[in-house]
Amino acid sequence: NKQYRLAARPVGLPKDSDWEFTSTEIPTPGEGEVLVKVHYASLDPAMRGWMNDGKSYIAPVGIGEVMRAGTVGEVVASNNPGFAVGDYVSGMLGIQQYGLSNGTDLTKVDPNLSPLENYLGGIGMPGLTAYFGLLEVGAMQDGETVLVSGAAGAVGSIVGQITKIKGGKAIGIAGGADKCKYVVDELGFDACVDYKSDSFIDDLNAALGGKGVDVYFDNVGGEILDIALARLNRHARVVICGAISQYNNTTPLRGPQNYLNLLVQHARMEGFVVFDYIKQYGEGVKALATWHGEGKLKFRNHVETGIENFPATLLKLFSGENFGKLVLTIKED
Ligand code: NDP
């Protein structure tokens, strides 16, 4: 059972020496337990936060522990009446080939309804983050303008598509011309602006057409958050979903300078964690799967192969080399 364990708390971007690649016997399920063979692991920006010590919305991964990660896989042994050999499940089994669970954190998934990878992406955690973040926290209304950063990514791509489904105007911010072209041509956003371009500010102003932003859905934080804060409409909502540009900082995070525009515009800024909506996941999955089935919502997965490639693949999130929901194939046969 090959596993990646946290060896040290990273300073800045995780290095090879922050990981330990280990191998143990495949475990045997105890009473009430289920053994799952992991097919795919979800690589998420949040994993960087879980490697830090300190208080957060979830306990940090301990030194020497298997790295926490969302997974989908197949039940290969079960002492739990709720799960049979051959069932497919999603759960937080971590970066390892086989994981044990008492079943409470497992959800059955159907590979005949959708490819397994989608349960880590569009109809999984990132899709639900977009759904509840935009509609509940952002309280997006018909006809509003939604600006979303990380627009070509797992969460952002879905935020813009739901905006269109709900009758809004979707403007994305993403890194590079290829990602922006995809966001507009394939996903149907009204516009997408490349933040790496020298003409970023002019392009953003042109995309907004002299109007402001009703919902800013922030996936990146930092300078882009500040730029968005300066463009809010009255009673705008700023959804703090994440701040990937700041996750590898080695100095404390500086707050946005334009926050007083929240006062001027009577706007609000609110953070959330997708787990807040766990009781409503059924509703969210149903909506996402229905729109996907109707062709209104597209998913794109970026699949890399091999557990041994975990450390290098994780870094793609922070260099922007992933194009779509980043997933690692763990199953070898
Ligand atoms: P993505 O699929 O969007 O992948 C990460 C992307 O972030 C990269 O491809 C890159 O895109 C962009 N990025 C990386 N570094 C920077 C930078 N310095 N400045 C601007 N953009 C950068 O990831 P997810 O969709 O999974 O996650 C998006 C955000 O949502 C993250 O902040 C994550 O932490 C957050 N999140 C929050 C949840 C919650 O419950 N609150 C749940 C799930 C995710 P590009 O090439 O465009 O730069």
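The values are calculated or read from the model by the stated rules, or taken from the named source; none is laboratory data. Not measured: the values here are computed from a predicted model. As a convention, Cβ positions derive from the backbone with ideal geometry for all residues, glycine included, and neighbour counts pool all protein chains shown.
Of note:
- Residue tally, condition assigned to a strand (DSSP E or B) and either within 16 Å of the ligand (Cβ to nearest atom) or within 16 Å of Asp226 (Cα to Cα) (or both), over region 140-153: 4
- Note on region 1-48: residues that are in a helix (DSSP H, G or I) and touching a Ser or Thr at 6+ places or on another chain (Cβ under 6 Å) total 0.
- The residue that is farthest from the ligand (Cβ to nearest atom), counting only those in region 222-257 that are small (Gly, Ala, Ser) and buried (at least 22 other Cβ atoms within 10 Å of the Cβ), is Ala236.
- Options Gly156, Gly127; residue that is at pLDDT 95 or above, within 14 Å of the ligand (Cβ to nearest atom), in contact with a strand residue (DSSP E or B) (Cβ under 7 Å, 6 or more places away or on another chain) and in a helix (DSSP H, G or I): Gly156
- Residues that are touching a Pro at 6+ places or on another chain (Cβ under 7 Å) and surrounded by 17 or more Cβ atoms within 10 Å (Cβ to Cβ) do not occur anywhere in region 175-191.
- Qualifying positions in region 299-312 - under 15 Å from the mean Cα position of the chain (by Cα) and touching a residue at least 40 places away in the same chain (Cβ under 8 Å): Phe299, Arg300, Asn301, Val303
- Cross-chain or 6+ apart pairs with Cβ under 8 Å, region 230-250 first and assigned to a strand (DSSP E or B) and aliphatic (A, V, I, L, M), then modelled with pLDDT under 95 and away from the ligand (no atom under 13 Å from the Cβ): none
- For Leu204: the one exception among (1) under 19 Å from the mean Cα position of the chain (by Cα); (2) away from the ligand (no atom under 12 Å from the Cβ): (1)
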